[in-house]
Amino acid sequence: MDRIKLGLAGIGKIARDQHVPALAASDDFELVATASRHGRVEGVTGYVSIAEMIHACPQVEAVSLCTPPEGRFEQAMTAIRAGKHVMLEKPPAATVSEAEALAAAARASGVTLFATWHSREAAEVDAARTWLADRRIDAVRIRWMENIRQWHPGQDWILAAGGFGVFDPGINALSIATRILPQPLVVLHATMDVPANRACPLAAAITFRSGEAAVDACFDFLQTGGQTWDIEVDTDAGMLRLTHGGSRLELPGEPLVSGSNDEYPRLYRRFAELVRSGESDVDLRPIKLVADAFLVAERRVTEPFEF
Ligand code: NAP
């Protein structure tokens, strides 16, 4: 089967760390061009924008966007209107209404839109979902705490309006929670700590319900030392612990299982399936929960933050 010719937009950290290696190993895609103002991929023709890339390289069939969420709407619209299939890094857009408009535009243009959630592809997420499916859920604790200076050095956009702040990683936890919990999550209360010189929170706490279960989530962007990407679920059959971003699973009475990282190869395999079957996959539940948290949040202004 012919490989799908792909253009990669926004050559920054995640494009270099994950997308380029996944594409190099892919039987489904051929990376034929990039669109980035400064970033380049060795051996691949680079353009400064998606519009220029599509104009110069009409053979591009699909575009994968690794730019920050703010500004991605116009970039994705440009590709969709040109009849290209589109894959979006998480979060899919800066707002829910942008993401919904992209889904409608993709339907109207007859192209695939894939709003990815890479953490859902972590090794043990599917097993956690299967184990929880028939259990009574009593309580859930989400702890997503990492060091912004280690993982996002100098990324000022992440704390600017539309950058999601601590929800840039935190939305990964919500993408897993919405996948593994049998009942929908409902936002009840939230607090957000926003540095005096920034627009988005560096820390947040959210209380949800999922069915009858209380769900308590803590997000922190200033965690030094060990990093924490864990979800614990108390059930009628004991506690499930899904840790290390979804790659390790502890179940009551069973040995710990730990899988290797295959998140981005899985995302590109899924994108190819969607393109070939003419379908889209746009699940907006994680971004809706973040938007709801912003609606109800009590905001506390904290010390200015510099990288
Ligand atoms: P990044 O290192 O800042 O790279 C993003 C690239 O997008 C930049 O290098 C820049 O390249 C381009 N860009 C276009 N408009 C921009 C703007 N207004 N401000 C800044 N850059 C702009 O960011 P990243 O860490 O790769 O994250 C990009 C997306 O991937 C985010 O949605 C993030 O949530 C997601 N993601 C990141 C990680 C991670 O570990 N970093 C993991 C998973 C997912 P040019 O200057 O060349 O145009």
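Looking only at the range 2-20, residues that are away from the ligand (no atom under 11 Å from the Cβ), part of a loop (DSSP other than H, G, I, E, B) and touching a residue at least 12 places away in the same chain (Cβ under 8 Å) come to 1 in all.
Of the residues ALA127, ALA106, the single one that is within 30 Å of HIS55 (Cα to Cα), at pLDDT 95 or above and more than 10 Å from the ligand (Cβ to nearest atom) is ALA106. Taking the range 21-50 as the range and being assigned to a strand (DSSP E or B) and away from the ligand (no atom under 13 Å from the Cβ) as the test, the residues that pass are PHE29, GLU30, LEU31, VAL32, ALA33, THR45. Only residues that are within 21 Å of VAL257 (Cα to Cα) and free of Cβ contacts under 8 Å to residues at least 60 places away in the same chain were counted across the range 99-152, and they come to 5. Are any of the residues in the range 249-268 among the aromatic types (Phe, Trp, Tyr), in contact (Cβ under 8 Å) with a residue 12 or more places away in the chain, crowded, with 16+ Cβ neighbours inside 10 Å and in contact with a Gly (Cβ under 9 Å, 6 or more places away or on another chain)? The answer is no; no qualifying residue exists. When we screen ALA122, ALA177 for residues that are within 16 Å of the ligand (Cβ to nearest atom), at negative phi and buried (at least 19 other Cβ atoms within 10 Å of the Cβ), the only hit is ALA122.
The set of residues in the range 173-220 that are assigned to a helix (DSSP H, G or I) and among the charged types (D, E, K, R) contains only ARG179.
Checked against (1) acidic (Asp, Glu); (2) in a loop (DSSP other than H, G, I, E, B); (3) away from the ligand (no atom under 16 Å from the Cβ); (4) under 20 Å from the mean Cα position of the chain (by Cα), GLU70 passes all but condition (3). So which of LEU256, LEU267 ends up being more than 25 Å from ASP292 (Cα to Cα), in contact with a strand residue (DSSP E or B) (Cβ under 7 Å, 6 or more places away or on another chain) and not aromatic (Phe, Trp, Tyr)? After applying the criteria, what remains is LEU256. The set of residues from the range 73-96 being within 17 Å of the chain's Cα centre (by Cα) and free of Cβ contacts under 8 Å to residues at least 40 places away in the same chain comprises PHE73, ALA76, VAL86, LEU88. Among the residues of the range 145-156, is any closer than 17 Å to ILE176 by Cα and part of a strand (DSSP E or B)? The answer is yes, given that some residue of the range 145-156 is closer than 17 Å to ILE176 by Cα and part of a strand (DSSP E or B). Looking across ALA62, ALA56, one residue alone is under 28 Å from VAL96 (Cβ atoms) and away from the ligand (no atom under 12 Å from the Cβ). It is ALA62.
Checking PRO255, PRO286 one by one, the residue that is outside any strand (DSSP E or B) and either assigned by TED's automatic domain parsing to the domain that holds ASN197 or modelled with pLDDT under 95 (or both) is PRO255 and no other.
Scanning the range 192-215 for residues that are over 16 Å from ASP168 (Cα atoms) and surrounded by fewer than 17 Cβ atoms within 10 Å (Cβ to Cβ) yields ALA196, ASN197, THR207, ARG209, GLY211, GLU212, ALA214.
The values are calculated or read from the model by the stated rules, or taken from the named source; none is laboratory data. In this text, all values refer to a predicted model and were calculated from it rather than measured experimentally. No Cβ is skipped: glycine too gets one built from the backbone with ideal geometry, and neighbour counts run over all protein chains shown.
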